[in-house]
Structure formats: C-alpha cells, structure tokens
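Below is one structure; the comments refer to it alone.
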Amino acid sequence: MFRRNKAGFERQAFRRCDFMFNEYYWQKEEIMPKGELEELQLKRLKWVVRYTYENVPFYRKRLKENGVHPDDIKRREDIKKLPFTTKNDLIENYPFGLFAVPKEKIVRIHTSSGTTGKPKVIGYTRQDIENWVNLCARCLYMVGVRDRDVFQNIVNYAFFTGGLGFHYAAERIGAMTIPAGVGNTERQIRCMIDFGTTVIHSTPSYALHIKEVAERMDIKEFNLRIGCFGAEPWSENTRKRLENAFGIKAYDSYGLSEMNGPGVAFECEEQDGLHIWVDHYFVEVIDPETGEILSEGEKGELVLTTLTREAMPLLRYRTGDITYILDEDKCACGRTHPRIHRILGRVDDMIIVRGINVFPSQIEHVLMQIPEVGDNYQIVLTRRGALDEITIRVEVSDKIFTGELKDLMKLQERIRRELYKELGLRTNVELVEKGTIERSKGKAKRIVDLREL
C-alpha cells in the first residue's frame, strides 16, 4: 500500500482510511520522536539539495557560485552553506524557470496573490498535490474537524492557494464542504444558517465583516464551533472578538504560495503557537539584515526549505514573515513538531516612522482590547515638511459616535495614550463612524502610504 521514493516520503493511495492514524492524529508523523524527525529531515535535506542541483539549472549555477556541492551536506547544520532564495528569484525566473520536472509532469499551477507585475508561479505534480492535501488535512483534523462537520470555505479560489488546499482537505476528512468563495456576505450568512455550517475558513478581517452584516440582519446565533483564520496577521485580542462573536474556538493558520499554500503551520487546540510541519519543511529564523541564524525565542525572518516538493523545490526561501520559534518542550497535544509564534508582521510591511519600527499587528493589538473600538481601522502615513506623520483612523461603536462630544474626546485620548505605550511613538487618532472604512472581501488593506504622492 505504501512505497517510498528517494526523498523518503510515502506515495499513498487516496482512500481515507489510509490516512487517519487514530482518533486524535491524522498521520503518524505528527507524533514522531524528535530524534527520528531530525533524522528524516536530514535524509530529505540531502535529497532535495541533490535533486535541485541535478534538475534546476538556476540552483546548479547558484550552488556552484557559492562553492557548494550536494556531497557537502552531511549534517542538518550544513544548511547554512546553502544560498538563500528570494521572491525576486521566482519573479526573474517567470514562469517555469525554477521547475524541476518537465511541463507534462505538472498537473496544476497557482500564482501568488500579492505581487505586482509578474507573479510568482508555483507548480505541482500529482504527488505534490497529495502531500499538500494531507498537510492541510492534518491542520483541520488537529483542531477537531471531522466527517460530521459542515465546512464553509470563505476564501478566494482560482489562482489563490487558500481555496483549493483546505477544500480538498475538508473533503478528504469527510466533511460536507461548501466552496463559498468570497463576497456576497448576506448569502454567506444564509448558507451558514441554512446548511448548518459548523466550521468556517476565512481571513479574520472578513469574518469580522460577516459579524457586522449579521448584526444588521438581526442574526445573533450560528451553529459554528470552529473558525480557521489566516492570510493576514491578527492579534490575540482579535481572536477574543471572533470567539465571542461566533461562539467558536478561533485558530491561526499559516501558509504561503511558495510553500504550496496553507498547511505549513497551524495552531492545535492548545492555541499556544503554530505547529510547523518539519517533516516537509526545514525551518530557520534569521536576522533579516545579516542573514545570521537566530536561536529559539529570537525574533526574525522565517526561512523555509521544501523537503518533499517535486515540481518546484526551494532552498532557504526567505518568506519575509516575522516570527520566532517557541520553546521546544513537547506540546500538551502530544505533537512533536516545533511551534512558531503567530506571525508578527512582514519585513516589507514594517513601517518606519521617525526612526521607529512599527508593525500593523502592534496597532491592532492595542485597538482590539478597547471595547468602544469597532472591528475596522486604517493606518494613514503622510509627511509634513521633513517629518513623517502617522494617523490611525478608527471606527467606533454607534453609541459612542452619536453620543456626547466629551466621550469621543476621552476615547480619542485613551487610544492615543495606549498606542504610545505600545509603540513609543506619538500618533494622530481620527475616530470615524462605523462602516466608514472600506471593507475588503479578502485581505484587509490596513496601510495607506501617502508620503510619496
């Protein structure tokens, strides 16, 4: 029933019973002892370096330029000998320059959602799709999704990887799966009510928009129990809002197109960091300025190496996402894969205002803990003379906005004070009526930078 290729990963049949390991774990690799995981990682690392060297001219040239041969990879620590791969490498090799297999072996392509100009093109073989679906199934099964659930997938399909990855995973688990896509919010809500949806998958900002529309429709109760949220950074205070709004447990999801899509890392029921699947990805956190590998607990840029990808293997890919590796103590859920902290922001989303580094997630963390603040906000950057100005536009509840002016002024000052405590930076705060800031059907547009206009 199982056979292994040279990378040491299993080519598996499609029957569901072949995958469900037991009532708590989808695959036995989730609880593999740490020593065995590291041994498997090294085996697969050796394989992928040789595989890229032999099949991807870009990597063969890059490795030779850095004086590295596949035979030089003898220990896990030897990964630091390998050069980094960046998003520009993918763009410059558009569309198929980084593929390791001929086009007739490619069964699907996706492209990145956030790139202007030429997108990053990602290819998949049949085995790549198989591995990806099971990684996503691991994530959903880990938080309690079962065949009795109704799974409403409220994300974009088509080129965006978020739709199909979890769609096929939910189907593989056996859940009734609704390919809802994005938009038409009232219809989304009707589907949730009429079909008895128990699990939703969306961006956190769109889920909060659904909550607003449901309130206008005078719908107060859902049948939901699980929410899976990703594709944009969000805070612990936003989690509380989502859980209170829908009566669910809200779980953080992490993935990126370059690594298949969603399914790279996911929270377990402990909600204490995201398990990152190191049997398929070699994980590093580096100093984004120097490239130096950082230790556990040190905040930096996440770097990932694919260990099982056939169509488009990537070595030391710089994700641009800021996080850190949590302590290595075994999680209470029993899984042995390490955990990363929720994504704090992106290297290229970091705002520098008067010499101070600011991440949107810091601002969200402050705003979402103030009850009078609504679910939507926007960061507007301007320049007055030589100085940068930062203004936070904040929607507030109808009661506050239509109440006494002194109450508005008190709230404005409170927000300004709390932001200063968090950022060490004085900000302008503009309070606006609920519904003023434009809503997004996908990722929220939090930053408006007018400094170069």
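The values are calculated or read from the model by the stated rules, or taken from the named source; none is laboratory data. Small disclaimer: the values here were computed from a predicted structure and weren't measured. A quick note on method: Cβ atoms are made from the backbone with ideal geometry, for glycine too, and the neighbour counts reach across all protein chains shown. Note: areas computed on protein heavy atoms with side chains; ligands, DNA, RNA excluded. Shrake-Rupley method; radii C 1.70, N 1.55, O 1.52, S 1.80 Å.
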Inset, instruction - With runs of 4+ DSSP H residues as the only contributors, calculate the mean residue ellipticity of the chain at 222 nm using -39,500 (n - 2.57) per run, divided by the residue total and rounded to the nearest 500. - result: -9000 deg cm²/dmol
Legend entry - K43 versus T382: modelled label distance in nm, points set 7 Å from Cα along the beta carbon direction: 6.2
Inset, instruction - Rounding to the nearest 20 debye, state how big the charge dipole of region 315-453 is about its Cα centre with +1 on each Lys and Arg Cβ and -1 on each Asp and Glu Cβ. - result: 280
Inset, instruction - Decide, for region 368-453, between rounded, prolate and oblate: order the square roots of the alpha carbon gyration tensor eigenvalues as a ≥ b ≥ c, take rounded if a/c falls under 1.5, and otherwise choose prolate if a/b is larger than b/c, else oblate. - result: oblate
Inset, instruction - Could you work out the relative contact order of region 176-333, using alpha carbon pairs under 8 angstrom and six or more residues apart, expressed as a whole percent? - result: 13
Inset, instruction - Check the straight Cα-Cα distances from K81 and name the lysines below 16 Å, setting aside those fewer than 8 residues away within the same chain. - result: K46, K61, K64
Inset, instruction - Write out the trypsin sites (Lys or Arg not before Pro) in region 96-162 meeting two conditions: DSSP loop, and at most 15 other Cβ atoms within 10 Å of their Cβ. - result: R146, R148
Inset, instruction - Rank by packing, highest mean first: peptides 163-169, 49-55, with packing defined as the count of other Cβ atoms within 10 Å averaged across residues. - result: 163-169, 49-55
Inset, instruction - Would you mind calculating the gained length between I109 and E77 on full extension (0.36 nm times residue separation, minus the Cα-Cα distance), in nm to one decimal? - result: 8.3 nm
Inset, instruction - Looking at region 97-245, send over the antiparallel percent of its DSSP beta bridges, to the nearest 5. - result: 30
Inset, instruction - Holding the Cα-Cα limit at 25 Å, pick out from K220/K249; K105/K443; K74/K120; K43/K120; K103/K445; K249/K410 the pairs that are longer than that. - result: K105/K443; K74/K120; K43/K120; K103/K445; K249/K410
Inset, instruction - Over the chain, give the accessible area per residue in Å² for a 1.4 Å probe, as an integer. - result: 45
Inset, instruction - With the full set of protein chains in place, find how many percent of the accessible area of the chain is carbon and sulfur; take the probe as 1.4 Å. - result: 48
